[in-house]
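Each reported figure results from applying straightforward, stated rules to the coordinates on display, with no laboratory input. These numbers come from a predicted model, not from an experiment. Don't worry about glycine lacking a Cβ; one is built from the backbone with ideal geometry, like all the others, and counts go over all protein chains shown.
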C-alpha cells in the first residue's frame, strides 16, 4: 500500500512511519514542514530504504500538496501534521489556526481531487485518516471518560483548532463523500518526544539535576498511551475502521501529573541516582491558563471494532522511555542546546487592544 503521512518527522508521526515501513512493509511518502518540533533524525533508520521518501513541504501550500498527490498517487492518507503544544498555542494561536485548520482544509481538498480521479477498486479502497486529540472534548468530571459520543468543548487555542479540523474532516465526508475516518487519542509518551512536553521535559531536567516544575497542584489527570500502541491503533483504524466513524484510542492508564513525575523520579533513583532522591527536585509553579482538570478515554469501541488494544504497562514503559533518553543523547542534545532549552512556555501577556 502507498501511504502519504503528514507530520512524519514528529513524535507520533515518526513512530507511525517506522511501523508502516519496517514492520508492515508499506511504501510511505512522509510530508513534513520540518518546523521546530520535527526531527528528521527520528527517521534515520529508513535512510536508503526504497520504501520511504521524505518530502519537505508545508501542508498549507495547496500547489505543493496537490503536486505531491499527483506524483505519489497514494492509496491512503494519514494526516498527523499539526501544531500540538497547548502552551505555545496560548502564546501564538495564529500559528495553530493556520496549520491545524487551513492545513487540514488543503489536505482534504487535495485528497478529494485525487480520490475523484480514481475508479473502481482503487476509489473504493481509498481512505483519509484524520488524527486528532481528546482535548477537543474539554474537561471531565472526576471518574468520567470520553466516548465517541462526547460533546465537543475545547478550552484552549490548540484544542479549538483541532476541533475545527475534526469538523472539517467530517464535513468533507458528508458534503463530498470523501472516505474519512477520525481518531482522537489520549496523551502519548515514549521515545523521540520533543522535550517541551511533560514527560521528556522532566526526564531531561532530572538528568541535569534541574527543578521538575509541576503546574498548579499537580492533580490534573491525563490518560496515557504509549506512542507505539498509538501507531498500531492508527493502522487498525485505517485498515479496519468504518468510513465516517470516529475511534478513540487510549491507553487505559489515567494518572495525575504528580503521579507521573513521581514515577519518573523513582525510575531515575534506580537508573541514574546522581541527583537523588529525585522527588526533592519537584517544584510547584503557576498553573497553565485554562488548564483542563481531567482527560480520560474509554477505548472500548476501538477495541471491539478494530481488534486493537493497548499493550504497554505504564510504569514499565515509562522506565523504558527513561532508558531510551539515557541511551540516545545524540537525539535530544542538539534540541536542548539549540531549539528548546527547557524554559517555561505559555505565560503570554494579554494582547493589547488596537
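Note on segment 213-254 and segment 65-99: Cα centroid distance 19 Å, given to the nearest whole angstrom. What order do you get for 301, 312 when you list them from fewest to most C-beta neighbours inside 10 Å? Ascending Cβ contact count within 10 Å gives the list 301, 312. Secondary structure note: in the chain, about 10% of the DSSP beta bridges are antiparallel. What the Kirkwood sum gives for segment 155-210 is a hydrodynamic radius of 14.2 Å, with every pair of different alpha carbons counted.
Arranged from fewest to most other beta-carbon atoms within 10 Å of their beta carbon, 185, 265 become 265, 185. Compute the Cα gyration tensor for segment 95-171, then decide on rounded, prolate or oblate, letting a ≥ b ≥ c be the square roots of its eigenvalues: rounded whenever a/c is under 1.5, prolate when a/b is larger than b/c in the other cases, and oblate in all that remain. Here segment 95-171 falls in the oblate category.
Counting only DSSP beta bridges with both residues in segment 150-257, what percent are antiparallel, rounded to the nearest 5? Walk me through the intermediate numbers first.
Working: 3 of 10 bridges.
So the antiparallel bridges in segment 150-257 amount to around 30 percent.
Seen from every direction in turn and averaged, the convex hull around the alpha carbons of segment 1-89 projects onto 5.7 nm². Figure legend: label point modelled 7 angstrom from the Cα of residue 64 along Cα→Cβ; residues of segment 13-32 with amide N under 15 Å from it are 30-32. Summarised as an ellipsoid, segment 1-158 has semi-axes of 27, 19, 17 Å, derived from the eigenvalues of the Cα gyration tensor scaled by 5 and square-rooted, with the largest first. Between helix 227-240 and the chain there is an angle of about 20 degrees, using the helix long axis and the longest principal axis of the Cα atoms. Relative to the longest principal axis of the Cα atoms of the chain, the long axis of helix 198-208 makes an angle of roughly 40 degrees.
Relative to the longest principal axis of the Cα atoms of the chain, helix 157-176 runs at roughly 20 degrees.
Rounded if a/c is under 1.5, else prolate if a/b beats b/c, else oblate: with a ≥ b ≥ c from the C-alpha gyration tensor eigenvalues square-rooted, which is segment 38-122? Oblate, since a/c reaches 1.5 and b/c is not below a/b. In the frame of its principal axes, segment 251-304 has Cα extents of 45, 30, 10 Å, reported largest first. Placing dummy labels 7 Å off each Cα toward the beta-carbon, the span from residue 333 to residue 239 is 3.8 nm.
Ordering 331, 224, 308 by the number of other Cβ atoms within 10 Å of each residue's own Cβ, fewest first, gives 331, 308, 224. Can you tell me the FRET efficiency between residue 305 and residue 47 if r is taken as the Cβ-Cβ distance and R0 is 35 Å, rounded to the nearest 0.05? It comes out at approximately 0.45. The label point for residue 313 and the one for residue 56, both projected 7 Å from the Cα toward the Cβ, are 4.4 nm apart.
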